[in-house]
Amino acid sequence: MTNRTFTMIKPDATEKGHIGAILKIIDEAGFRIVAMKIILLSASKAGEFYEVHKERPFYGELVEFMSRGPITAAILEKDNAVDEFRKLIGATNPAQAADGTIRKLFAASISENAIHGSDSDENARIEGDFFFSKLEQF
Ligand code: ATP
Ligand code: MG
C-alpha cells in the first residue's frame, strides 16, 4: 500500500468547476485512479475526517467549509505516491505554493485550498478506508 495516496477535490474547486482540470493534471502526472466518488460530507463526517485538527483555531471553519458542497474523493497509485502527490498539489498556503502546482493554479486561500493530499502512507490508508470499502478499491 505504500504506493498509494488519498485525495479530495474540495468544495471551493467543485463550485468553480475545476474538477475536470484537476483530474487531468493528476492523470498527466502519472497517477492511476484506484477509487473515486463525489459525495457531500455532513459536518459530523467532515469533523471526523479532520479530527486531528480539532484543537486548532481554524477547526470550525474547516468543518463548515468541507461540508458546504460536494467533494471528489479518490485513491491514487504511483511510485512514492504520498510525496509525489504533495509535490503536485503544493504548499497548504497557495501564496507559498510553487508555480504549476494545483494549489497555485486553483486555490484562493490557506483555508479554501482546492485539494487535499495525505501526509503519510499510514494516513493514506486510513483516509482511503474512511471513504471506500475494500470492494471499491481496485
Ligand atoms: P490537507 O490535509 O487538506 O491536504 P495540508 O496537509 O496541506 O492540507 P493541514 O495542516 O493538514 O494542511 O491543514 C488541513 C486543512 O486545514 C488545510 O488544507 C486548510 O484547508 C485548513 N487550514 C490549515 N491551516 C489553516 C489556517 N491557518 N487557517 C485556516 N485554515 C487552515
Ligand atoms: Mg494535512
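Derivation of every value follows stated rules applied to the coordinates shown; laboratory data play no part. All values reported here derive from a predicted model rather than from experimental measurement. Here the Cβ positions follow ideal geometry from the backbone for every residue, glycine too, while neighbour counts run over all protein chains shown.
Can you compute the FRET efficiency between Arg32 and Glu64 using 1/(1 + (r/R0)^6), with r the Cβ-Cβ distance and R0 = 22 Å? Round to the nearest 0.05. Please report the intermediate quantities before stating the final value.
Details: r = 33 Å, r/R0 = 1.49.
According to the calculation, E is roughly 0.10.
What does the charge count around Ile19 come to, taking other residues whose C-beta lies under 14 Å from its C-beta (Lys +1, Arg +1, Asp -1, Glu -1)?
Overall, the nearby charge balance is +1.
Work out, step by step, the length gained on full extension between Glu48 and Ser120: first 0.36 nm times the residue separation, then minus their alpha carbon distance; give nm to one decimal.
24.1 nm
Going by how many other beta carbons lie within 10 Å of each one, how would you line up Glu55, Glu77, Glu127, Glu48, fewest first?
Sorted ascending by nearby Cβ count, the order is Glu55, Glu48, Glu77, Glu127.
Which listed residue (Asn3, Tyr50, Leu23) has the Cα farthest towards the positive end of the charge dipole for the stretch 1-50, taking +1 on Lys and Arg C-beta and -1 on Asp and Glu C-beta about the Cα centre?
Of the listed residues, the answer is Asn3.
On full extension of the chain, what length is gained from Thr92 through Ile110, given 0.36 nm per residue of separation minus the C-alpha to C-alpha distance?
Working it through step by step, the gained length comes to 5.9 nm.
For the stretch 4-136, what is the charge dipole size about the Cα centre, in debye to the nearest 20, if Lys and Arg each add +1 at the Cβ and Asp and Glu each add -1 at the Cβ?
260 debye
Over the chain, what is the mean sequence separation of C-alpha contacts under 8 Å (at least six apart), divided by residue count, expressed as relative contact order in percent?
39 percent
With a ≥ b ≥ c the root eigenvalues of the C-alpha gyration tensor of the chain, is it rounded (a/c under 1.5), prolate (a/b larger than b/c) or oblate? Display every interim value, and only then the final one.
Numbers: a/c = 1.40, a/b = 1.09, b/c = 1.29.
Since a/c stays below 1.5, the shape of the chain is classed as rounded.
Would you calculate a helix-derived [θ] at 222 nm for the chain, using -39,500 (n - 2.57) for each DSSP H run of n ≥ 4 and dividing by the full residue count, to the nearest 500?
-10500 deg cm²/dmol
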